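What follows is one structure encoded as structure tokens, with my remarks underneath.
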Amino acid sequence: MTTRDLVLIALFTAIIVVLGLIPPVTLGFIPVPITAQSMGVMLAGCIIGAKRGALAYVLLVLLVAIGLPVLAGGRGGLAIIQGPTGGFVLGWIVATFVTGLIAERLVKEGQSEIKQFTWFFIASVVGGIGVLYAIGMPWVTAVTGTPLSAVAMGSLAFIPGDIVKAVIATLAARAVLAGYPLLHARA
Amino acid sequence: MLNGLNVEGTTPLHRMSVRAKLAILLVCGLALYAVSSLFILIPAFVITALIYFTTGLAFHEAISRLKPILFTILILLIATAYLTSMREAAESFFRLMAIVLFAGAVTATTATSAFIDEITRLLQPLDRLGLVRAADVGLAFGLVLRFVPDIFNRYQSIREGHRARGLKVRPLTILAPLIILTLKDADTIAMAIDARGFRRPREKHR
């Protein structure tokens with residue numbers, strides 16, 4: 001790993017921490033307020049790619065584990081990882097990797113804008129929603145004994161917000177790709 | 001801006017090594033999942049609660065840290081109690097709370113720097129195999145802590161920029177400039193790190 005990659009990873013982790021400091025936005029038609037931080041998985045995967053994105057999340061999870069209040073609302077500490085939603089926290093790493101993998105493979109710099117938007121959106125939805133819930137929900141069931149079907153029903157409330165996040169992440173990722181491409185850049 | 005969640009103190013937990021604390025957390029956490037008797041789970045809950053509330057953490061602070069996680073646990077367990085059985089929900093409650101309280105106690109009694117040192121030590125075997133550079137972890141932690149305030153200031157000035165132009169502050173219009181401006185610094189920072197020789201090339205390996 002080059003020093004530049006290491007710095008990109010650390011800077012992205014720092015960006016994710018800062019996104020947690022921004023006040024959440026409430027949209028009229030969605031029950032759960034949207035925290036900018038929860039877009040981090042999609043953004044990291046789509047902007048710095050699979051390996052660096054996943055490492056940025058490894059770093060974030062380590063920061064949580066060592067007791068720094070880096071998550072939205074000043075949360076942190078080992079209790080977050082050991083608690084019922086710990087699967088989502090650990091799932092971020094895999095989710096970012098998958099998002100990045102899809103984005104790296106399918107998004108090309110010479111493509112038309114529409115194609116880039118489409119692929120970024122698909123990468124965000126598959127990685128940032130599909131993979132994340134596939135890890136997070138069974139974890140909840142394993143830890144609390146709540147039936148998986150009930151957890152899945154409860155999670156439905158978050159899906160509209162997640163789709164909005166995927167759209168925002170797609171637009172932001174495409175803007176960064178146009179302004180300062182990093183997705184495919186390997187040193 | 002990013003102060004650790006630990007408090008100074010001299011309790012036995014403060015004096016214990018990080019590795020021992022993490023090992024106890026891991027082993028006890030797993031062991032509790034093998035137990036489903038309330039005669040063990042309730043005492044475990046009481047003991048961990050005693051440990052958690054005697055770490056030197058101010059009482060209101062100790063409570064406010066528990067609130068969000070307690071909220072999630074209660075919602076999930078009300079559903080569990082309704083869908084399966086009251087007893088199963090009660091078992092899950094005491095088990096989870098015992099683990100969460102002990103995890104909270106470890107967090108409250110361990111300094112950030114002690115954790116980083118321990119992570120670096122735990123990575124040594126992988127370092128010797130040439131898989132990771134253990135020293136990079138400390139460097140990466142340092143970089144994050146160093147740049148969070150800078151990036152937050154940048155966010156604020158982008159927000160001011162929006163206000164000055166009468167634009168609504170939206171995540172969408174903030175994210176792209178914030179990310180581009182931040183990542184553009186990567187080259188300069190990397191050069192500065194290399195110029196100071198913080199990441200010396202390996203001599204023995206490769």
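Computed from the coordinates by the stated procedures, all read-outs in this text should not be read as laboratory data. Everything numeric here is computed off the predicted structure, so don't read it as measured data. Here the Cβ is made from the backbone with ideal geometry for all residues, glycine too, and neighbour counts use every protein chain on show.
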In µm²/s, what is D for chain A at 4 °C and 1.567 mPa s, where D = kT/(6 pi eta Rh) by Stokes-Einstein and Rh is the Kirkwood radius from Cα pairs? 78 µm²/s
Filtered hits (lysines, Cα-Cα < 30 Å from residue A:115, offset >= 8 within chain) -> A:51, A:165, B:168, B:184
How far is it, in nm, from the label point at residue A:109 to the one at residue B:122 when both lie 7 Å from their Cα along the line to the Cβ? 3.9 nm
Above 18 Å lies some portion of the pair distances; for segment B:56-206, what is it as a whole percent of all C-alpha pairs? 76 percent
How big is the gap, in Å, between the Cα center of segment B:81-105 and the Cα center of segment A:56-80? 22 Å
Cα gyration tensor shape for the protein assembly as shown, rounded if a/c is under 1.5, else prolate or oblate: oblate
When a/c reaches 1.5 or more, the comparison of a/b and b/c decides; with that in mind, is segment A:94-187 rounded, prolate or oblate per its Cα gyration tensor? prolate
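State whether segment B:12-122 is rounded, prolate or oblate according to the following rule on the C-alpha gyration tensor (a ≥ b ≥ c being the square roots of its eigenvalues): a/c under 1.5 gives rounded; otherwise a/b larger than b/c gives prolate, and the remaining case gives oblate. Working shown, then result.
On the way: a/c = 2.16, a/b = 1.69, b/c = 1.27.
Taking the square roots of the gyration eigenvalues as a ≥ b ≥ c, segment B:12-122 is prolate.
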Quick one: net charge around residue A:37, please, counting Lys, Arg +1 and Asp, Glu -1 for every other residue with C-beta under 11 Å from its C-beta. +2
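Kyte-Doolittle mean at least 0.5 and Cα extent at least 20 Å along the axis: which DSSP H helices of chain A qualify? All intermediate terms of the calculation are to be shown ahead of the outcome.
Working: long enough: A:3-19 (24 Å, 2.25); A:50-65 (22 Å, 1.79); A:86-106 (30 Å, 1.44); A:159-179 (30 Å, 1.40).
Within chain A the helices that satisfy the rule are A:3-19, A:50-65, A:86-106, A:159-179.
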